[in-house]
Amino acid sequence: MEQRKRKQQRVRGYLFACVVAVLLWTVASAQIRYSISEEVNEGTVVGNAAKDLGLDKSTLEDRKFRIVSDSQDPLFHVNGKDGILYVSRRIDREAVCAQSAACLINLKTVLENPLEIHYVEVEVLDINDHSPLFPEKDNILEISESVLPGARFQLKASRDPDSGHFSVQQYKLSQNDHFRLEVKDRGKDGKIPILVIQKSLDRETAGSHSLVLTALDGGKPPKSGNMNILVNVLDINDNAPVFSKDDYSVTLKENTPAGTTVIQVNATDLDDGSNGNVVYSLSKSMDQNILNLFVINHSTGEVIVKGSRQSQYDLIITAIDAGQPPLSSEMTISVVVSDVNDNSPEFSLSPYTFYVTEGNNGSQENKLTSFLNINSENGDILALKSFDFETVKTFQFQVVATDAGTPSLSSNVTVNVFILDQNDNAPVILYPVSSNGSAEGVEEIPRNVNAGHLVTKVRAYDADIGYNGWLLFSLQEVTDHSLFGLDRYTGQIRTLRSFTETDEAEHKLVILVKDNGNVSLSATATVTVKVVEPGTTVALISLNDLDSGLNGKVICSLDEDVPFTLSPTLKDKIYSLVTMSTLDREQKVKFDLTIVAKDAGQPPLSSERTISVVVSDVNDNSPEFLLSPYTFYISEGNEPGQSVFSVKAFDQDENNNAHISYHILRDGRQENKLTSFLNINSENGDILALKSFDFEAVKTFQFQVVATDAGTPSLSSNATVNVFILDQNDNAPVILYPVSSNGSAEGVEEIPRNVNAGHLVTKVRAYDADIGYNGWLLFSLQEVTDHKTDEAEHKLVILVKDNGNVSLSATATVTVKVVEPKEAFAASDVKSSAEDDDDSNVTFYLMITLGSVSVLFIISIIVLIWRHFCAKNCCHRCWNSVTEQQRHSERVHSGSERQRSSHPVPSQLERFC
């Protein structure tokens, strides 16, 4: 019962408290709404909440007017005194409300005594503060070239954190011929870009397409984002193989050995990968006999003989690719088999060497192979082009002489053509050159320079060589001939005397540069020399004397012969240290100047001070090579990548102005084509050979090395490098005769049994591509069946070796068959006897030559002995005559005089004899 009473009392107490609270609270509820843009500054006023809520401003502070928020970092706060609502921090609408259509923030304001709650709603307005952004910066699409126009490919859409009109509104595609863009609006999901093919793709025309997709929002100005689209076109097998020629034909010797390549066909397929792999085969539609005579390499297209041959064959070659389905092409090759002609034409000289003057008349062509044409009947060679020595100095080609046999045989001869230089290039002025390209320049020199001062140097270049390229300089026009002189060989302009006060301040010099050709060509350069007053202020010297009047008057002077002077300034006791002439750091780097200051008092007092003037460097010296030209000798067969020689240059400047880098001059001319096989270390000048040189291919070449310093502006100089390739014994002798039909050095000779001793059986001919001792050949019998017996057949093995340090050799085998004499060999005997007579005549002439030389030698010895004998008799007679004079002098003069006169005579006689 008691518990029940207590419980009822508690309930009544709660009810009483609630009634009291309701009576005490006068709860007022109201709501207002503001709007504000995102990203406004902290402290921005949103509105006067107290005023808009109709609250008494004077009671706000006592009633503790405030905003109730669960956040530790609220977006807004209210001033408890005046009731104004402020922004507490920057508001990012996208962070607070994501992409909601409306961003509303509800605030609860509270007042006490009595308690009042008011609601304030703040709408955060969006601004265009974000650019559209694609998920990927680059997108790669692979589309087959077989896809038809109208095919659609959906692309990844761009996202913009902004909402409404500031979100992505449109897409644009970069200009192209094959694609267009469609945009599909999916409502809340935004706009989706779709790539549509509007023109068929062809991988063989363009393997890929680069596009740029741009997304734009609705801002003003709009913001954008880009995505790079690379469309790779996938290949399909839409191209059949195509042969490189429309017609193939070949002539084949009837004795061509099996395994010889008849011809090589070539077909190309524009497709890629397996679709472009071409396989060759002989058509199965041909006669089986033909298929048994020829075979084709499936990969290379080489047609190879493998059996006997008739007069003519028509081979059908099929080229098929590896695509699906495969595509193919066919080509018919006409193979003509002709009779063997066993005598090749022989040239009267090998090689030929001709000299052609440049500037000959001819039609213009681009390739060296089309420069010449030959009369097929008489061998006259015509020039179809006017040769230019500066473009090509020499070239080599092969002339083929072919007989009319069936099949025809031919032989080659090398023709070396040397172009002779003509004076067809005028000199080109390299310095001075003005900014507009004319040969004009201005030089300034101090007025106090001495005679012989270098004013400038005119530099010129002539593309001709020899006398045609030698340049002479002369003064064509000058205002005062007594002031300037020009070196006619170097182009240096120097002063002839010192300047005076009456000399003009500006002089114009016109220099004529001409070459030494028969009809000389020339160019002119104009140099304007401005005479300026010397003197650059180096330092200011401040002096002080505590005395006054004359005792405080200070005179400053230099006590040395230096290119400086002291010049008083407008201010008392301050002097300027001024240069009197041009300074040259390469001659003297530092000047130690002693300055003496003396006052005008009696007696005068003085003091000294030594200052140091350091001359800083300017880049006025070009690099100089230790040698010019350089000459190097390289043995052929050098190891590629190794240093073969080195060049070195020095620069009289210092620091960066003296830091030299090297490079090889590569101007693309024909004579400099070997520079592509050389490389130079830019730091130390070591030159590397990137290939192994072959003396038989090139014997000498020339190139230019340029040394450039690191000054500003940089200066450079060139050096010519002459390279001579030394021959090595790297070519074995080649047997020219005998040679069998299969190419081996074997032959058979038949001689009658009744020939005499000394009969010429045959002559082994060989050739070695090396020169000098390496190319001298010696022949020896290495093997012979029997020197004594007279068998019907003898085998001789001849060893042919050269004279190299490590000699190389080749062998030839001659089988001599001894047959009974017949009428068929009568001509051979006659030829042999004629050759014997020729040998006898040669021996006779050789004996006459040796006899003549011996007689001349004996006569020379006799003349020398006679002259020696005559000289001794002359000296003896002179000695007797001088002795007789001496005796006579002794009788006439005194002893002392005799001694003075007797001594010089023997010495003179000894010198005479």
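The values are calculated or read from the model by the stated rules, or taken from the named source; none is laboratory data. Predicted model, so just to flag it, every value in this text is computed and none were measured. Here Cβ is always computed from backbone atoms with ideal geometry, including for glycine, and neighbour counts include all displayed protein chains. Accessible surface is based on the protein model in full, side chains and every heavy atom, while ligands, DNA and RNA are left aside. Shrake-Rupley method; radii C 1.70, N 1.55, O 1.52, S 1.80 Å.
Taking region 449-477 as the range and being closer than 19 Å to Val532 by Cβ and either crowded, with 17+ Cβ neighbours inside 10 Å or touching an Asp or Glu at 6+ places or on another chain (Cβ under 6 Å) (or both) as the test, the residues that pass are Val449, His453, Val455, Thr456. Which ones in region 380-407 are within 42 Å of the chain's Cα centre (by Cα) and not in a strand (DSSP E or B)? Passing the criteria: Asp380, Leu384, Lys385, Ser386, Phe387, Asp388, Phe389, Glu390, Thr391, Val392, Lys393.
Every listed requirement among (1) touching a residue at least 12 places away in the same chain (Cβ under 8 Å); (2) over 30 Å from Leu55 (Cα atoms); (3) surrounded by fewer than 18 Cβ atoms within 10 Å (Cβ to Cβ) is met by Arg89 save one, (2). Against the definition (more than 21 Å from the chain's Cα centre (by Cα) and among the hydroxyl-bearing types (Ser, Thr, Tyr)), how does Tyr633 come out, yes or no? Yes; evaluated as a whole, the condition is true for this residue.
Cβ separations smaller than 7 Å between residues 6+ apart or across chains give the following pairs from region 283-295 residues that are outside any helix (DSSP H, G or I) to residues that are loosely packed, with under 13 Cβ neighbours inside 10 Å and not acidic (Asp, Glu): Phe294/Lys306; Val295/Lys306. Gly637 meets all of the listed conditions (1) within 30 Å of Asp730 (Cβ to Cβ); (2) open to solvent by 70 Å² or more (accessible area, probe 1.4 Å); (3) of a type in the set (Gly, Ala, Ser) but one, namely (2).
Within the set of pairs 6+ apart or on separate chains, which have a first residue in region 409-437 that is more than 27 Å from Ile465 (Cα to Cα), a second that is at pLDDT below 85 and aliphatic (A, V, I, L, M), and C-beta atoms under 9 Å apart? So the pair list comes out as Leu409/Val340; Val413/Leu349. Just to be sure before I move on: is Leu213 over 30 Å from Ala95 (Cβ atoms), at pLDDT 85 or above and surrounded by 15 or more Cβ atoms within 10 Å (Cβ to Cβ) in the structure I sent? It is false that Leu213 is over 30 Å from Ala95 (Cβ atoms), at pLDDT 85 or above and surrounded by 15 or more Cβ atoms within 10 Å (Cβ to Cβ).
Is there a residue being farther than 29 Å from Ser635 by Cα, surrounded by fewer than 15 Cβ atoms within 10 Å (Cβ to Cβ) and charged (D, E, K, R) anywhere in region 767-787? Within region 767-787 (the criterion being farther than 29 Å from Ser635 by Cα, surrounded by fewer than 15 Cβ atoms within 10 Å (Cβ to Cβ) and charged (D, E, K, R)), the answer is yes, since at least one residue qualifies. Inclusion of Lys588 among residues that are without any contact (Cβ under 8 Å) to a residue 40 or more places away in the chain, among the basic types (Lys, Arg) and surrounded by fewer than 16 Cβ atoms within 10 Å (Cβ to Cβ) is warranted.
Being surrounded by fewer than 13 Cβ atoms within 10 Å (Cβ to Cβ) and more than 30 Å from Asp217 (Cβ to Cβ) is a property that holds for Ser58. Of all residues being outside any strand (DSSP E or B) and open to solvent by less than 70 Å² (accessible area, probe 1.4 Å) in region 591-603, which is farthest from Lys573 (Cα to Cα)? Just the residue, please. Among those residues, the one meeting the criterion is Gly601.
Where strands (runs of 3 or more DSSP E) sit wholly within region 54-108, those with at least 1 residues that are within 23 Å of Ile127 (Cβ to Cβ) occupy 76-78, 84-87. Find the residue count for region 688-709, including only residues that are open to solvent by less than 20 Å² (accessible area, probe 1.4 Å) and more than 21 Å from Ser622 (Cβ to Cβ). Residues that pass the stated criteria total 4. Within region 192-210, restricting attention to residues that are charged (D, E, K, R) and modelled with pLDDT of 85 or more, the residue that is most open to solvent (accessible area, probe 1.4 Å) is Lys199. Just wondering, is there one or more residues in region 179-190 that are within 18 Å of Ile143 (Cβ to Cβ), open to solvent by 70 Å² or more (accessible area, probe 1.4 Å) and modelled with pLDDT of 90 or more? Yes, region 179-190 has at least one match. The condition (being part of a loop (DSSP other than H, G, I, E, B) and of a type in the set (Gly, Ala, Ser)) is satisfied by just one residue among Ala697, Ala707: Ala697.
Checked against the criterion of being at pLDDT below 80 and either under 60 Å from the mean Cα position of the chain (by Cα) or closer than 30 Å to Ala451 by Cβ (or both), region 581-594 contains one or more residues that satisfy it. Kindly indicate whether any position in region 339-358 is modelled with pLDDT of 80 or more, within 27 Å of Gln702 (Cβ to Cβ) and in a loop (DSSP other than H, G, I, E, B). For region 339-358, residues modelled with pLDDT of 80 or more, within 27 Å of Gln702 (Cβ to Cβ) and in a loop (DSSP other than H, G, I, E, B): present.
On inspection, Gly43 does not qualify as assigned to a loop (DSSP other than H, G, I, E, B), among the small types (Gly, Ala, Ser), open to solvent by less than 50 Å² (accessible area, probe 1.4 Å) and touching an Asp or Glu at 6+ places or on another chain (Cβ under 6 Å). Kindly indicate whether Ser606 is in contact with a Lys or Arg (Cβ under 6 Å, 6 or more places away or on another chain) and either modelled with pLDDT of 90 or more or among the polar types (S, T, N, Q) (or both). In short, yes. Any residue at all in region 654-670 that is modelled with pLDDT of 90 or more, within 15 Å of the chain's Cα centre (by Cα) and open to solvent by 70 Å² or more (accessible area, probe 1.4 Å)? There is at least one residue in region 654-670 that is modelled with pLDDT of 90 or more, within 15 Å of the chain's Cα centre (by Cα) and open to solvent by 70 Å² or more (accessible area, probe 1.4 Å). Residues in region 104-155 that are in contact with a Gly (Cβ under 6 Å, 6 or more places away or on another chain) and open to solvent by 60 Å² or more (accessible area, probe 1.4 Å): Leu133 alone.
Residues that are among the β-branched types (Val, Ile, Thr), open to solvent by 60 Å² or more (accessible area, probe 1.4 Å) and over 22 Å from Val458 (Cα atoms) within region 501-544 comprise Thr502, Val519, Thr536, Thr537, Val538, listed in sequence order. Under the condition of being crowded, with 17+ Cβ neighbours inside 10 Å and not in a loop (DSSP other than H, G, I, E, B), the residues counted in region 717-745 number 6. Residues that are at pLDDT below 85 and among the aliphatic types (A, V, I, L, M) were ranked within region 433-448; the one that is surrounded by the most Cβ atoms within 10 Å (Cβ to Cβ) is Ile445. Listed by position, the strands (runs of 3 or more DSSP E) inside region 112-196 whose residues that are under 50 Å from the mean Cα position of the chain (by Cα) and touching a residue at least 60 places away in the same chain (Cβ under 8 Å) number at least 1 are 138-144. Take Asn754 and decide whether it is outside the structural domain of Tyr630 (by the TED database) and without any contact (Cβ under 8 Å) to a residue 60 or more places away in the chain. Here the answer is no, as Asn754 does not meet what is asked. Annotation for region 374-383: no member residue is closer than 22 Å to Phe701 by Cα, of a type in the set (A, V, I, L, M, F, W, C) and open to solvent by less than 50 Å² (accessible area, probe 1.4 Å). The set of residues from region 248-279 being touching a residue at least 60 places away in the same chain (Cβ under 8 Å) and open to solvent by 50 Å² or more (accessible area, probe 1.4 Å) comprises Ser249, Thr251, Lys253, Glu254, Asn255, Pro257, Leu270, Asp272.
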